[in-house]
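Peer 1: The structure is given below, and queries will be raised subsequently.
The values are calculated or read from the model by the stated rules, or taken from the named source; none is laboratory data. Since this is a predicted model, take the numbers as computed values, not measurements. Here the Cβ positions follow ideal geometry from the backbone for every residue, glycine too, while neighbour counts run over all protein chains shown.
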Amino acid sequence: MLKIEALSKSYTAGVAALDNVSFEVAEPQVVAIIGPSGAGKSTLIRCINRLVEPTAGSAILNGENVTNLNSAGLRKARRRMGMIFQEYNLVERLTVMENVLSGRLGYVSFWQAWRRNYPPEDISNAFKLLDRVGLSGFQDQRADALSGGQRQRVGIARALMQKPDLLLVDEPTASLDPKTSRQVMRILVELAHELSTPTLLNIHDVPLAKNFADRVLGMQDGKLIFDGTPDELTEDALTLIYGEEDWKPEAKAGSPAEQENADSPEQAAAV
Amino acid sequence: MIENPLLRHGLLVLAVMYLAWSLGSLEIDWSRTSQGAERAGRIFSRMFPPDFSRWSLLVRGVTESVEMALAASFIGMILAIPVGLCAASNIAPRPIYLAARGILVLTRTFHEVIIAILFVKIFGFGPLAGVLTLVVASVSFIGKMLAEDIENMGSQQMEAIRATGASFPKVLIYGVMPQILPRYLGVSIYRLDANIRHSTVVGIVGAGGIGQTLSATFSRYDYDFSLAILLTIIGLVFLGEFFSNWVRGRLR
Amino acid sequence: MTDGTAEAGYPDIWRRFTPRQTLVRYVWFLGAVFVAVWSVRHLDIPWFYFLDAHVQAADLAVRMIPPDWSYFDVIARPLIETIHIATLGTIVTFFIAFPIAFLAARNTTPNRLTWFIGRFILVASRSVNTVVWALLFVAIFGPGPVAGIWAVAFRSIGFMGKLIAEAIEEIDEGPVEAIASTGASRLKVLLVGVLPQVLPVIYGTTIYRWDINIRESTVLGFVGAGGIGIQLYASINQFAWDEVSLMLLAIFGVVVISEYVSAMVRQKIT
């Protein structure tokens, strides 16, 4: 389904943000990508739909190499890749419905988009998705009137409106409180499984990743250094990815592990 | 304000020196100037009462000014969109951006009356030169505001729309337009009000409107009619400002 | 959901606006278009002028290049005069604008009548363009920079007075009450309680207006009120386009530099 081959990205300074990353997602599964801030998780996801241009390597989605498509081809390929963002990235002055329908922008004409004149099946699909994410009745609210959790659920509906072959999810819960985070993750993973959509999910929260993902990739300094099931994500594996630390859940408050956790939301926001 | 006494007194001395230099170097006809108060008295006494008897001339001039302002605002508002997009560094490619910025700086630097007189030389006397002048001024003003708004808006919303596979025009109408539309309309309405004010002066160099009539009354020492025109202009500007505030209030 | 057909049980129609809202939007839009079209038609614009406009413009550009550099000796003095007009006009404004601003601010004006007079002066000053003021002052003082200085000052009073009056209305009343409670006279309260709070705004708007006035002063000569405009007008009327282009360049330079200086000074003092 998705094959990443030797994907690399270096910014002008010459530092490699993404260093020769290869892996394959052969079945519809939820793949969590974990790793310290600056490990290149966000760059990896953005290199796949080329919001960031990779410097070398290729990303192949269902047999098509996305990395050497021209701009028209790239737009076609992006239609098949839904994306969900840390800051939700809804168009704030538009209504919930317009935001959800914008997932179909690649399929309608300019004039239809301008007049908000989408095909009936798109509209009923949008209503269904809003219902599935628990926002039925919200269609005429403006996006800037919603809470963070509600916005992210609109973000999920927008991505799924594309009927994507691949979901790219960039830190979906980093701006949400723990309870809302779990709710959003649950909806996201349920829908991904139900629609058999392979999902690449950046996440800094290791327990959430272990809870919800089918497979975990670990990154450090732009390199892929771990690939396994959540069960294989042992303390040794975490030490490999994040460095030496006391990973036991029962580690005492005031120990380095707790401080690390307390810091993580800011770190994630800074990414 | 300025704590350092040396600096404060230094600035004061500099100011006095500047005054001496500037007043000394200006070619001032002091005998003519000294008659100013007396002449002002004569002019003002000739101005009263204002003479509205040639109201048809007045109405024609004012209508022309208002029409020039309306037409120029509308055309300027539309032309400002491409110019503003080209002058936004986060949307336009570098060479286009630099060219558009250059045009904006150039048109903003020159006073409307200079632009008007150049247009009068190209297109002849009359409202056409006036409309074109106001169009240039409007495009420059609205375009600059638009470019700044686009540069300051959230790029994330645009990124999300791009990620859906939308083409550039669709990114504009979904990712950009909703973010900048309210202010764009507000600035355009403000510009209409500014154009009404400026439409009264471009006529002084022959570019149509009430300014042409006003300038003629001064050269004919027709001061009671001048005052009538001035009062009408003040009323018109007042109405324009009122209308502009009303519409902008409605735009939330 | 991957089959692309409508979802049973969910509505398949959604409208962003109610019919009434749609109608209102169309009425606004068509109204604006109608007014613009009507205005253009009513102006009787001779469209055939546009046919050879590009030829004319190209011709003009050719005649403008190269600028007649030797003419700079002639325009140097008027250029400096232009700057003097703007500067002196701004200085005059500085002294006139703030007593009027005290009249026009609700919290410092003695009574409703004085408030009204203050407001009226500000509105009248702003409604009349600098060039129109210049027409009047040329009639009073005769042609020359004196008329220009007064024209610049009279237009700027409204601009600066309005901004200063707004600043006065937003001051912190605490220090003012403290001084008033010591039994100080009204003038003293203004000078000690109010003035220090608005001084930065006064300086800021003065500098800001100064750079606008530089731009305004470049055209005062068109009506005889001094500055570079006199030479510019003469050269244009004699079709001496290589002199015109030199003057446009010089004006461009002066305006850009004054804008830069003004921005820099304002950044320093605020």
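Peer 1: Only one residue in C:236, C:202 is more than 24 Å from the chain's Cα centre (by Cα), part of a helix (DSSP H, G or I) and within 11 Å of another protein chain (Cβ to nearest Cβ). Which one?
Peer 2: When all the criteria are applied, what remains is C:236.
Peer 1: Could you check, for region B:72-87, whether at least one of its residues is more than 9 Å from chain C (Cβ to nearest Cβ) and touching an Asp or Glu at 6+ places or on another chain (Cβ under 7 Å)?
Peer 2: No, that holds for no residue.
Peer 1: Moving on to the next point. Quick one: residue B:117 ticks every box in (1) touching a Phe, Trp or Tyr at 6+ places or on another chain (Cβ under 9 Å); (2) at pLDDT 90 or above except a single one, so which number is it?
Peer 2: (2)
Peer 1: Now a separate question. If residue C:139 satisfies all but one of (1) in contact (Cβ under 8 Å) with a residue 24 or more places away in the chain; (2) assigned to a helix (DSSP H, G or I); (3) in contact with a Phe, Trp or Tyr (Cβ under 7 Å, 6 or more places away or on another chain); (4) in the same structural domain as residue C:253 (by TED's automatic domain parsing), what's the number of the condition it fails?
Peer 2: It is condition (1) that residue C:139 fails.
Peer 1: Sort out which residues of region A:99-114 are free of Cβ contacts under 8 Å to residues at least 60 places away in the same chain and either more than 7 Å from every other protein chain (Cβ to nearest Cβ) or of a type in the set (A, V, I, L, M, F, W, C) (or both), and write them in order of number.
Peer 2: A:99, A:104, A:105, A:107, A:108, A:109, A:110, A:111, A:112, A:113, A:114
Peer 1: Looking for whichever is surrounded by fewer than 18 Cβ atoms within 10 Å (Cβ to Cβ), under 29 Å from residue A:52 (Cα atoms), within 14 Å of chain B (Cβ to nearest Cβ) and of a type in the set (D, E, K, R) here; the options are A:177, A:165, A:144. Which one fits?
Peer 2: Step by step, each of A:177, A:165, A:144 is checked, and only A:144 is surrounded by fewer than 18 Cβ atoms within 10 Å (Cβ to Cβ), under 29 Å from residue A:52 (Cα atoms), within 14 Å of chain B (Cβ to nearest Cβ) and of a type in the set (D, E, K, R).
Peer 1: Of all residues in region A:32-47 being surrounded by 24 or more Cβ atoms within 10 Å (Cβ to Cβ) and among the aliphatic types (A, V, I, L, M), which is farthest from residue A:167 (Cα to Cα)?
Peer 2: Of everything passing the filter in region A:32-47, A:39 is farthest from residue A:167 (Cα to Cα).
Peer 1: Being part of a strand (DSSP E or B) and polar (S, T, N, Q) is the filter; apply it to region A:1-50 and report the residue that is nearest to residue A:231 (Cα to Cα).
Peer 2: If we take residues in region A:1-50 being part of a strand (DSSP E or B) and polar (S, T, N, Q), then A:22 is nearest to residue A:231 (Cα to Cα).
Peer 1: Looking only at helices (runs of 4 or more DSSP H) that lie completely in region B:119-191, which have at least 3 residues being buried (at least 24 other Cβ atoms within 10 Å of the Cβ), away from every other protein chain (no Cβ under 11 Å) and touching a Gly at 6+ places or on another chain (Cβ under 7 Å)?
Peer 2: B:127-152
Peer 1: Okay, moving on. Inside region B:82-118, can you point out the residues that are under 18 Å from the mean Cα position of the chain (by Cα), part of a helix (DSSP H, G or I) and among the hydrophobic types (A, V, I, L, M, F, W, C)?
Peer 2: Matches in region B:82-118: B:83, B:103, B:104, B:105, B:106, B:113, B:114, B:115, B:116, B:117, B:118.
One line per residue, one yes/no per condition, for (1) more than 9 Å from every other protein chain (Cβ to nearest Cβ); (2) in contact with a His (Cβ under 6 Å, 6 or more places away or on another chain); (3) at positive phi; (4) aliphatic (A, V, I, L, M):
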residue	(1), (2), (3), (4)
C:22	yes, no, no, no
C:27	yes, no, no, yes
C:34	yes, no, no, no
C:44	no, no, yes, no
C:49	no, no, no, no
C:53	no, no, no, yes
C:56	no, no, no, no
C:63	yes, no, no, no
C:74	yes, no, no, yes
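Peer 1: Filter region B:220-238 down to the residues that are of a type in the set (A, V, I, L, M, F, W, C) and more than 11 Å from chain C (Cβ to nearest Cβ) and list them by number.
Peer 2: If the condition is that a residue be of a type in the set (A, V, I, L, M, F, W, C) and more than 11 Å from chain C (Cβ to nearest Cβ), then B:225, B:228 are the ones that fit.
Peer 1: Please determine, by comparing only the residues of region A:115-129 that are touching a helix residue (DSSP H, G or I) at 6+ places or on another chain (Cβ under 9 Å) and within 21 Å of residue A:76 (Cβ to Cβ), which one is nearest to the other protein chains (Cβ to nearest Cβ).
Peer 2: A:125
Peer 1: Oh, and also: If we scan region B:65-86, do we find a residue that is surrounded by fewer than 16 Cβ atoms within 10 Å (Cβ to Cβ) and in contact (Cβ under 8 Å) with a residue 12 or more places away in the chain?
Peer 2: The answer is no, given that none of the residues of region B:65-86 is surrounded by fewer than 16 Cβ atoms within 10 Å (Cβ to Cβ) and in contact (Cβ under 8 Å) with a residue 12 or more places away in the chain.
Peer 1: Would you check which residues across region C:239-269 are under 14 Å from residue C:69 (Cα atoms), assigned to a helix (DSSP H, G or I) and among the small types (Gly, Ala, Ser) and list them?
Peer 2: C:245, C:250
Peer 1: Then there's this: Which residue out of C:225, C:178 is in contact (Cβ under 8 Å) with a residue 40 or more places away in the chain and either surrounded by 21 or more Cβ atoms within 10 Å (Cβ to Cβ) or not β-branched (Val, Ile, Thr) (or both)?
Peer 2: The match here is C:225.
Peer 1: Among the residues of region B:199-219, write down those that are part of a helix (DSSP H, G or I), more than 13 Å from residue B:58 (Cα to Cα), more than 7 Å from chain C (Cβ to nearest Cβ) and in contact (Cβ under 8 Å) with a residue 12 or more places away in the chain.
Peer 2: Hits for region B:199-219 are B:199, B:202, B:203.
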